[in-house]
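Report on the structure given below.
The values are calculated or read from the model by the stated rules, or taken from the named source; none is laboratory data. Because the structure is a prediction, the values reported are computed rather than measured. Here the Cβ positions follow ideal geometry from the backbone for every residue, glycine too, while neighbour counts run over all protein chains shown. Protein only, heavy atoms only, side chains kept; ligands, DNA and RNA dropped before computing areas. Shrake-Rupley method; radii C 1.70, N 1.55, O 1.52, S 1.80 Å.
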Amino acid sequence: MTDNGNVLTVRNLKTHFFSREGTLKAIDGVDFELKPGEVLGIAGESGCGKSVTAQSILRILPKHGRTVDGEVLLSRNGAAVDLLTLDEEGPEIRRIRGKEIAMIFQEPMTSFSPVHTIGNQIIESIRLHNRGLSKREARARAIDMLHRVGMPNPASTIDEYPFNLSGGMRQRAMIAMALSCGPRVLIADEPTTAVDVTIQAQVLELLKELQGQLGMAVIMITHDLGVIAELADRVLIMYLGKGVEFGTVEQIFHNPLHPYTRGLLASIPKLTRGREVIEPIQGTVPSPYDPLTGCPFNPRCAHRMAGVCDLEMPEVVEVEEGHRVACHLYPKDAQT
Amino acid sequence: MGEFIVRRLLLMIPTLIIVSSIAFFVIQAPPGDFVSAHAARLEERGQDVDRAVLEAMRARYGLDQPIHVQYFRWVRNMLRGDLGVSFDWNAPVTAVIARRIPNSILISLVSFLYVYIVAIPIGMLSAVRQYSLADYFFTFVAFIGLGIPNFLFALVVLWLVFSATGSVMIGLFSTEYVDAAWSWSRLLDMARHIWIPALIVGTEGTAKIVRVMRANLLDELQKPYVMVARAKGLPQARVNYKYPFRIAVNPVVSTIGWTLPSLVTGEMLVSLVLGLPTLAPVFFRSLQMQDMYLAGGIVFVLTFLTLIGTLVSDILLGWIDPRIRFSSM
Ligand SMILES: Nc1ncnc2c1ncn2[C@@H]1O[C@H](COP(=O)(O)OP(=O)(O)OP(=O)(O)O)[C@@H](O)[C@H]1O
Ligand SMILES: [Mg+2]
């Protein structure tokens, strides 16, 4: 297997939750590729499966969750390893977690253990992946990392407990922890939703800056298309566990194909026009438990074609170079 | 932390005074006093009772004084470390208590260790393997342990031991060791007996702590920091051990505060049922005889020990949980 120049390739990812109530298809077909050093934005409404996608890649799903299909290919010296074939608890995947693929979590408040200092938790990560490092060297590296993420007085803050830090500081500590082992891929799962509006811009600015300095590839998960427009090179739009459109930022913002993508773009407050117009997408997200036939978006879609959209699942079609969409408006045979 | 300990120690003084005052007045509440109880007992045995002797006894013990005078004298002496005299035993209260209290403390201590050493791992196992066969089994056992009254449990255990070994394991020692001086073999002999009262006293607490531990850990296991720790690349066992196990133990430590008093009362009840040479029979008799300084002294000492135990558990909690250390100490 070759990596085609991608650092990470996700193919047909399917992750389900199994419970007494039934099977919840949290992820039901997600495809994307990530080139070294680029920023991929993943956007979609709450509950569409963004976090579960990230957890599936790292194989850290919560109890009852299982990836049932697909490939997650991580490139290694030109070859690719499928992370889904590795033993979930084995040493191989553990060497990848934190070291090659690191993650920033949604909730900086609860993402740190309340009874350990942030330094303890950062140093743990550094020492885990750098066996040769002494305690003092690891600590120096953690302080340096905290310094780089703009933590005030890193040499003393390192010994603080999370509850003594503000939300913004905690998120900086989280970023420092994720970057402490120099990952090639950073997954940032809504790094700004839990922090103050005033801090959000700072955190994004910091991530942008660090991405430039360290050159890692970033998967930026958000439901804020403004963030994507500012940071991302490419975009994946998700709806109800499915990737519905994938393309470059220009393609998505200037030539959105999927009706859902268009709806999302239309719902961005258009401040530039002088007055705020919000055009909400009609209807509500159907329950992921319900066995929905056809396109998941069809009950809310303005362009629904009866007898097609509600019966058949649309296939993914590459409409233009690198721009893919799953929608019956773009039939497969119309291509080539 | 130091200031916290001093504050707690100072707070113990009024608590002890209040508890022992209540004890004093409750013991005095029934009509009559020790001398009349003593006279009644002599008459029962058919002995003649000389009223003059009784009055002389009253004067000697200060029982002819008004009750508030007796009370203040008692409190004043207590502050000097003098718990008074037991009329019944004709000995200082401290001496009577000192002879019996090691057995009481030992039973409570062994029950305490049993509660936590057994409950914490079982609670953890039940949580980590939620809805497994082991979980159902222990949940069922804990349910039974909670439901059975201690005295019934004591009788069942005695019967089981008797039908299995043919010997009645009543008491704390085999006959040859009852009055022997402390030695290794006496201690060993005690260990062979003490598990019965400890099992009976501790089982209810164990069942409760299993449930507390299981619920805490189930809660902690799904906290985001667990996933974060996995995302670092830590092995699952180390993740569990360092984070959720460690954090779920904190609230369990805080349960020591309410287990201790229930262990003490449990020990008293079981000692009465099994006839163990602890403080319990002495306390029971002192109440019957209205031997008030002895009864009050026992309440005082047990309360003191419980308060000390609770203080130690709070210090422990502050030591292991920085959130508490930073907020309240
Ligand atoms: N531990 C879990 N057990 C069962 N279902 C889960 C679990 N975690 C997530 N899900 C379900 O999977 C689906 C996708 O959830 P996910 O957290 O990935 O959404 P999201 O896109 O990250 O949303 P948000 O923007 O709110 O973070 C949801 O329907 C959710 O209810
Ligand atoms: Mg999420």
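Screening the candidates A:ARG170, A:ARG148 for the property of being more than 13 Å from chain B (Cβ to nearest Cβ), more than 16 Å from ligand 1 (Cβ to nearest atom), open to solvent by 10 Å² or more (accessible area, probe 1.4 Å) and under 25 Å from the mean Cα position of the chain (by Cα) yields one hit, A:ARG148. Of all the listed residues (A:ILE96, A:ILE143, A:ILE123, A:ILE118), the sole one being within 18 Å of A:GLN55 (Cβ to Cβ) and either touching a helix residue (DSSP H, G or I) at 6+ places or on another chain (Cβ under 8 Å) or among the polar types (S, T, N, Q) (or both) is A:ILE96.
Summed over region A:76-104, the residues that are more than 16 Å from ligand 2 (Cβ to nearest atom) and surrounded by 15 or more Cβ atoms within 10 Å (Cβ to Cβ) give a count of 15. Residue under question is A:ARG127, and the condition is that it be among the basic types (Lys, Arg), open to solvent by less than 30 Å² (accessible area, probe 1.4 Å), more than 16 Å from ligand 2 (Cβ to nearest atom) and within 13 Å of chain B (Cβ to nearest Cβ); does it hold? So A:ARG127 fails the test. Only one entry in B:ALA98, B:ALA39 is surrounded by fewer than 17 Cβ atoms within 10 Å (Cβ to Cβ) and not hydroxyl-bearing (Ser, Thr, Tyr), namely B:ALA98. Scanning region B:21-36 for residues that are over 28 Å from B:PHE304 (Cβ atoms) and surrounded by fewer than 11 Cβ atoms within 10 Å (Cβ to Cβ) turns up just one, B:PRO31.
For region A:231-267, filtering for residues that are over 20 Å from A:ALA302 (Cβ atoms), in contact with a His (Cβ under 8 Å, 6 or more places away or on another chain) and not in a helix (DSSP H, G or I) leaves 3. Those helices (runs of 4 or more DSSP H) of region B:177-268 in which at least 2 residues are more than 12 Å from chain A (Cβ to nearest Cβ) and farther than 20 Å from B:ALA142 by Cα, considering only elements entirely within it, cover B:184-221. So, B:PHE173, is that one more than 14 Å from chain A (Cβ to nearest Cβ), surrounded by 17 or more Cβ atoms within 10 Å (Cβ to Cβ) and closer than 30 Å to B:VAL312 by Cβ or not? Judged against the criteria, B:PHE173 is a match.
For region A:130-144, residues that are of a type outside the set (S, T, N, Q) and either within 14 Å of chain B (Cβ to nearest Cβ) or not in a helix (DSSP H, G or I) (or both) total 5.
Just to be sure, is B:ALA295 among the aliphatic types (A, V, I, L, M), open to solvent by less than 30 Å² (accessible area, probe 1.4 Å) and closer than 21 Å to B:ILE22 by Cα? Give the derivation first.
Working: among the aliphatic types (A, V, I, L, M): yes; open to solvent by less than 30 Å² (accessible area, probe 1.4 Å): yes; closer than 21 Å to B:ILE22 by Cα: yes.
So B:ALA295 passes the test.
Condition check for A:SER134 on (1) touching a Ser or Thr at 6+ places or on another chain (Cβ under 9 Å); (2) farther than 15 Å from A:LEU179 by Cβ; (3) among the small types (Gly, Ala, Ser): one failure, at (1).
Screening region A:146-214 for helices (runs of 4 or more DSSP H) wholly inside it with 1 or more residues that are hydrophobic (A, V, I, L, M, F, W, C) and touching a residue at least 40 places away in the same chain (Cβ under 8 Å) returns the ranges A:167-179, A:197-214.
The residue that is nearest to ligand 2 (Cβ to nearest atom), counting only those in region A:207-220 that are buried (at least 18 other Cβ atoms within 10 Å of the Cβ) and away from chain B (no Cβ under 14 Å), is A:MET220. The single condition among (1) open to solvent by 50 Å² or more (accessible area, probe 1.4 Å); (2) closer than 16 Å to B:ARG285 by Cβ; (3) assigned to a loop (DSSP other than H, G, I, E, B) that B:ASP64 does not satisfy is (2).
Against the condition more than 14 Å from every other protein chain (Cβ to nearest Cβ), aliphatic (A, V, I, L, M), away from ligand 1 (no atom under 16 Å from the Cβ) and within 30 Å of A:VAL72 (Cα to Cα), how does A:VAL227 come out, does it pass?
no
Scan region B:129-162 for residues that are of a type in the set (Gly, Ala, Ser) and either over 17 Å from B:TRP195 (Cα atoms) or in contact with a strand residue (DSSP E or B) (Cβ under 8 Å, 6 or more places away or on another chain) (or both) and jot them down.
Keep residues of region B:129-162 that are of a type in the set (Gly, Ala, Ser), which gives B:132, B:134, B:142, B:145, B:147, B:154.
B:SER132, B:ALA134, B:ALA142, B:GLY147 - these are the residues of region B:129-162 that are of a type in the set (Gly, Ala, Ser) and either over 17 Å from B:TRP195 (Cα atoms) or in contact with a strand residue (DSSP E or B) (Cβ under 8 Å, 6 or more places away or on another chain) (or both).
A:GLU107: open to solvent by 10 Å² or more (accessible area, probe 1.4 Å) and at the interface with chain B (Cβ under 8 Å from one of its Cβ atoms), yes or no?
Working: open to solvent by 10 Å² or more (accessible area, probe 1.4 Å): yes; at the interface with chain B (Cβ under 8 Å from one of its Cβ atoms): yes.
Yes; evaluated as a whole, the condition is true for this residue.
The residue list A:THR192, A:THR157 contains one member that is more than 13 Å from chain B (Cβ to nearest Cβ), open to solvent by 10 Å² or more (accessible area, probe 1.4 Å), more than 16 Å from ligand 1 (Cβ to nearest atom) and among the β-branched types (Val, Ile, Thr), which is A:THR157.
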